[in-house]
1. Considering (1) of a type outside the set (G, A, S); (2) within 30 Å of P55 (Cα to Cα); (3) surrounded by fewer than 19 Cβ atoms within 10 Å (Cβ to Cβ), say which one F150 fails and leave the rest.
2. Quick one: is D58 more than 30 Å from Q183 (Cα to Cα), over 19 Å from the mean Cα position of the chain (by Cα), at pLDDT 70 or above and of a type in the set (D, E)?
3. For residues that are hydrophobic (A, V, I, L, M, F, W, C) and touching a residue at least 40 places away in the same chain (Cβ under 8 Å), scanning just the stretch 142-160, find the one that is farthest from L201 (Cα to Cα).
4. Of all residues in the stretch 166-185 being free of Cβ contacts under 8 Å to residues at least 24 places away in the same chain and closer than 30 Å to Y234 by Cβ, which is surrounded by the most Cβ atoms within 10 Å (Cβ to Cβ)?
5. Given the structure, is P84 out of contact with any Pro (no Cβ under 7 Å at 6 or more places or on another chain), more than 20 Å from S208 (Cβ to Cβ), modelled with pLDDT of 70 or more and surrounded by fewer than 23 Cβ atoms within 10 Å (Cβ to Cβ)?
6. Looking only at the stretch 186-201, which residues are without any contact (Cβ under 8 Å) to a residue 60 or more places away in the chain and farther than 23 Å from A42 by Cα?
Amino acid sequence: MTPHLSATVLAIFLAAALLPAAGPAAAQTGWEFKVTPYGWMAGLDGDLGTVPGLPAQDVSLSFGDIFDDLDYGLFLFASARNGPWVVFLDSSSVQTTSSSSVNGPDVASVEVESRTTTLALAVGRTVSQTPVSLVDAYIGARAWWLDNDFTVRTQPSTGQGTLRKKTDADWIDPLIGISGQYQAAPSWTIFGNAEVGGFGLGADLEWSVMAGASYALNDWFGLTMAWRHLAVDYGEDGITYDVHQSGPLLGATFRF
């Protein structure tokens, strides 16, 4: 049960330089904005413990396993660039509901509603640029919020009715990273990024790598495809969130 709940984290995250839209890497004047709603079809592996006092559980779930319990998944990336300076923002919110009939002597059923929300903000600067390529280094932070609501329906013979319990955890991870893009053809851009964070200030360690390509349909709209791997190791106050997530990303980028 707990695996399904906590596995709700499809998301999270984009790396702070995620999903650049296709377009020339040459220097521009004035502000350039990109907004990318996206989806991450990630599986999840690792150790999850969402109830203090109970041991963490080893979890291995495919995206299909997670999707079965998915209530909603909202993901948005945005960037603003002016000359060598760039600001990145990435946010995600995912909720799943998992329920199971127990039919035990005391418990009839258990339902868990799990929410994972992240918000990342980073500031970067171009460190290398050619007419067809661009490399940025950035620094920032990502905030995490994990919430689980447990509803236990007892057997009528116990006289206890419905019992509810809530657990939550939140933390902020500092981040540093590097991202790059290369214009392989007029409409195609290849991109990638790598970042690391946490450093024991929030999570013990958080890191991710991502690579993909975007195709510009016109000057203001493009499609993006990528593969991303994210790992985070957090443990505090009886909550364990030590997981790896991998899977394809699909996004639609609006540029103005």
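1. (3)
2. So D58 fits the description; yes.
3. V152
4. Selected residue: D168.
5. Yes.
6. Correct list: P186, F199, G200, L201.
Each row is one residue, and each column tells you yes or no for (1) part of a loop (DSSP other than H, G, I, E, B); (2) of a type in the set (S, T, N, Q); (3) modelled with pLDDT of 95 or more; (4) out of contact with any Asp or Glu (no Cβ under 8 Å at 6 or more places or on another chain).
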| position | (1), (2), (3), (4) |
| --- | --- |
| D149 | no, no, no, no |
| W171 | no, no, yes, no |
| Q181 | no, yes, no, yes |
| A185 | yes, no, yes, yes |
| A203 | yes, no, yes, no |
| D219 | yes, no, no, yes |
| A231 | no, no, no, no |
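The values are calculated or read from the model by the stated rules, or taken from the named source; none is laboratory data. Owing to the predicted nature of the structure, the values given are computational and were not obtained by experimental measurement. Here the Cβ is made from the backbone with ideal geometry for all residues, glycine too, and neighbour counts use every protein chain on show.
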